Amino acid sequence: MAESGRSLQARALLQQCLRAQLQVRPAEGDAAAQWVEIDNFLYACFSLPLVLFSSHSVNTLLNVKLSETENGKRVSILDLPGNILIVPQATLGGKVKGRNVQYHSNAGKEEGLELYSQFVTLCEQELAANSKCAEARVVVEHGTYGNKQVLKLDTDGPYTHLIEF
């Protein structure tokens, strides 16, 4: 949770996985569905508040030691290094009211798309600046903001971590 006296600015959900596939374009007519895939350890999904994820928060997400190696040692995405699948996930911003969930505090569609694009770019820049990730040719894959997407996930965890800034 956000520290007392400080408002929540951003929320991310990190999930260690063995393999993840995300459908970014459904099948249309004769065209097959389009998928992105990672074979390493992590995907991130998040809701977009009305403030931008900063390079500091992206650095925190990529450096926090949440993933587990085969020998049980905890390491960060940058330590692995591991590929990343970023999934836009506005439902993380929902709040229960009665028996319904409301999303009033989420960014609007245009703002959300801009913030999501900036978040993806910040992740790509952080990974490119890390020599270990550059050498291992770490990949950042991402979903399409504003579209319903199909996610397939194989995990040996679940090792799911909610991080709030």
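With a cut-off of 12 Å between beta carbons, the residues surrounding T60 carry a summed charge of -1, where Lys and Arg count +1 and Asp and Glu -1.
Computed FRET efficiency, Cβ-Cβ of N59 and H161, R0 22 Å: what is it to the nearest 0.05? Given R0 = 22 Å and the Cβ-Cβ separation, E is 0.85.
Give me the percent of DSSP beta bridges within the chain that run antiparallel, rounded to the nearest 5. If I count the DSSP bridges inside the chain, around 75 percent turn out antiparallel. The label-point distance for L18 and A32, in a model that sets each label 7 Å from Cα toward Cβ, rounds to 2.4 nm. The amide H of R19, built 1.01 Å from its N in the peptide plane, has D154 as neighbours under 5 Å, considering only residues 5 or more places off or on other chains. On a per residue basis, the stretch 57-165 carries 60 Å² of accessible surface, using protein heavy atoms and a 1.4 Å probe. Charge dipole of the chain (Cα centre as origin; +1 on each Lys and Arg Cβ, -1 on each Asp and Glu Cβ, all else neutral): 600 debye, rounded to the nearest 20. At an R0 of 45 angstrom, the distance between the Cβ atoms of R137 and N100 translates into a FRET efficiency of 0.50.
Spin-label model, L151 to R25: label points 7 Å out along the Cα-to-beta-carbon direction sit 2.2 nm apart. Over the chain, Cα pairs under 8 Å with separation of 6+ residues give a relative contact order of 36 percent.
What is the list of residues in the stretch 129-150 whose amide nitrogen lies under 13 Å from a point 7 angstrom out from the Cα of D39, following Cα to Cβ? In the stretch 129-150, the label zone of D39 (backbone N under 13 Å from the point 7 Å along Cα→Cβ) covers 139.
The values are calculated or read from the model by the stated rules, or taken from the named source; none is laboratory data. Every value quoted in this text rests on a predicted model; they were computed, and no experiment measured them. Neighbour counts run over all protein chains shown; Cβ positions are idealised from the backbone, glycine included. The protein model used for the area step is the full one, side chains on, heavy atoms only, and it has no ligands, DNA or RNA in it. Shrake-Rupley method; radii C 1.70, N 1.55, O 1.52, S 1.80 Å.
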